[in-house]
Amino acid sequence: MKQKILVTGGTGYIGSHTVVELQNAGYEVVIIDNLSNSNADVVDNIEKVSGIRPAFEKVDCLDYEGLEAVFAKYEGIKAIIHFAASKAVGESVEKPLKYYRNNLMSLVNLLELMPKYHVGGIVFSSSCTVYGQPDILPVTEEAPIKKAESPYGNTKQINEEIIRDTVASGAPINAILLRYFNPIGAHPTALLGELPNGVPQNLIPYLTQTAIGIRQQLSVFGDDYDTPDGSCIRDFINVVDLAKAHVVAIDRILEKKQAEQVEVFNIGTGRGLSVLELIHAFEASTGVKLNYKIVGRRAGDIEKVWANPERANNVLGWKATATIEDTLRSAWNWQLKLRERGIQ
Ligand code: UD1
């Protein structure tokens, strides 16, 4: 029988790609999502890509009774991948309590329900934001956790601690914390991708919207950083590669291969690319010229961060494989497809 995995936030950007990879690997998936930042038709597109329709329940993770009803209805859930969270750094500064409530209470609810329904594993969406500006690059999982720059970042740090404390208290839970670097790109079918609400805050959606003419100009936030070309450096990780990291993490938990009850892995490529390099790579790989200009720095930005992914490479047996050119083309194809569908 197929093993059942609950995916919270499964209609979101990373969640939807992960659902497909779980299905490809033979797992049965139950999605819950409150659709606050996604659309129910993502479920149709997941089915188009994988050929399998996942179960879907519109439930908010803050709704304890609603959540419990899902655990009861889909008996035998083996593990959870917890994506559902608010994720806009700027908004979190404006509305910290929204972030603390959403991101912390959702996890608390899940962790309380897991033992009751004999769900023994959880993979948690963490972020390289927990490192702040690392002193040593590429950054390893041993790097110190720096004071968070935003309430959003703080919720990721606190969530990691909530999981560690819960496991340390003796709860029968095995956890893997995946610290993502900068996920970009879309599914090669162009049926799944990132669909930001309103004006995008993140680089790639803003860039592709500029390229297609929805936005007039891309602002590059700063060219006076201490980097070779002066723009910030990030580790841009293909979203399908990232999705596959979740499958191997789930395999590892269910096959009881963990060395510790809580393990943490960087999920990145190991390669840092500057914002300007990324723009030029986009132009070269798509043939589309981009209208951009250098403006001042954005408050709260980290100068440079990229992963040392060796632990994930060696222990999980996972490695990022997509080229940046293919990844950028996939992001562009997704933007073209959105126009074709009359969405953006
Ligand atoms: C941030 C968070 C990350 C979070 C992610 C999702 C930090 C340190 N990082 O990533 O944890 O998961 O958001 O929302 O909190 N840029 C431009 N012009 C733009 C947009 C971005 O030049 O219009 C630049 C930024 O200055 C930055 C880079 O592009 O240097 C990447 O920005 P972005 O895509 O927003 O991601 P992060 O800020 O790295």
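The values are calculated or read from the model by the stated rules, or taken from the named source; none is laboratory data. Everything numeric here is computed off the predicted structure, so don't read it as measured data. Note that each Cβ is placed from the backbone with ideal geometry, even for glycine, and that neighbours are counted across all protein chains shown. Surface areas here come from the heavy atoms of the whole protein model, side chains and all, with no ligands, DNA or RNA. Shrake-Rupley method; radii C 1.70, N 1.55, O 1.52, S 1.80 Å.
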Next item on the list: Roll a 1.4 angstrom probe over the protein heavy atoms and tell me the percent of accessible area of the stretch 239-344 that is carbon or sulfur.
Entry: 48 percent
Notebook entry, point to check: Can you pull out the trypsin sites (Lys or Arg not before Pro) in the stretch 284-344 that DSSP calls coil and that have at most 11 other Cβ atoms within 10 Å?
Noted result: K289, R341
Notebook entry, point to check: What is the spin-label model distance, in nm, from N314 to A259 if the labels are put 7 Å beyond Cα along the C-beta direction?
Noted result: 0.8 nm
Margin query: Taking every DSSP beta bridge with both residues inside the chain, roughly what % is antiparallel (nearest 5)?
Written below: 5 percent
Margin query: Run lengths n ≥ 4 of DSSP H only: what is the helix-derived mean residue ellipticity at 222 nm for the chain, with -39500 (n - 2.57) per run over all residues, to the nearest 500?
Written below: -11000 deg cm²/dmol
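Out of the total accessible area of the stretch 41-193 (probe 1.4 Å, heavy atoms of protein only), what percent is carbon and sulfur?
C and S fraction of accessible area: 53 percent.
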Notebook entry, point to check: In percent, how large is the relative contact order of the stretch 280-344, given Cα pairs closer than 8 Å and 6 or more residues apart?
Noted result: 44 percent
Notebook entry, point to check: Per residue Cα convex hull volume for the stretch 126-202, in cubic angstrom?
Noted result: 158 Å³
Notebook entry, point to check: Per residue, how much accessible area does the chain have with a 1.4 Å probe, in Å²?
Noted result: 43 Å²
Checklist line | Gyration tensor (alpha-carbon) shape descriptor, the stretch 109-237, a/c threshold 1.5 | finding: oblate
Note to self: For the stretch 132-172, what are Rg and Dmax over the alpha carbons, in angstrom?
What the structure shows: 12.5, 35
Next item on the list: May I ask for the Kirkwood hydrodynamic radius of the stretch 185-238, worked out over all distinct Cα pairs and given in angstroms to one decimal?
Entry: 12.9 Å
Item checked: Cα shape, the stretch 79-180, gyration tensor, a/c 1.5 rule -> oblate
Next item on the list: First obtain the Kirkwood hydrodynamic radius of the stretch 162-212 from its Cα pairs, then insert it into the Stokes-Einstein equation at 20 °C and 1.002 mPa s, and state the resulting D in µm² per second as a whole number.
Entry: 149 µm²/s
Check: For the chain, rounded, prolate or oblate, judged on the Cα gyration tensor with a ≥ b ≥ c (square roots of eigenvalues), a/c < 1.5 rounded, else prolate if a/b > b/c?
Finding: prolate
Margin query: Using Stokes-Einstein with the Kirkwood hydrodynamic radius over Cα pairs, what translational diffusion coefficient do you get for the stretch 11-68 at 20 °C and a viscosity of 1.002 mPa s, in µm²/s rounded to a whole number?
Written below: 185 µm²/s
Margin query: Defining a contact as two alpha carbons under 8 Å apart and six or more residues distant in sequence, what relative contact order in percent does the chain show?
Written below: 19 percent
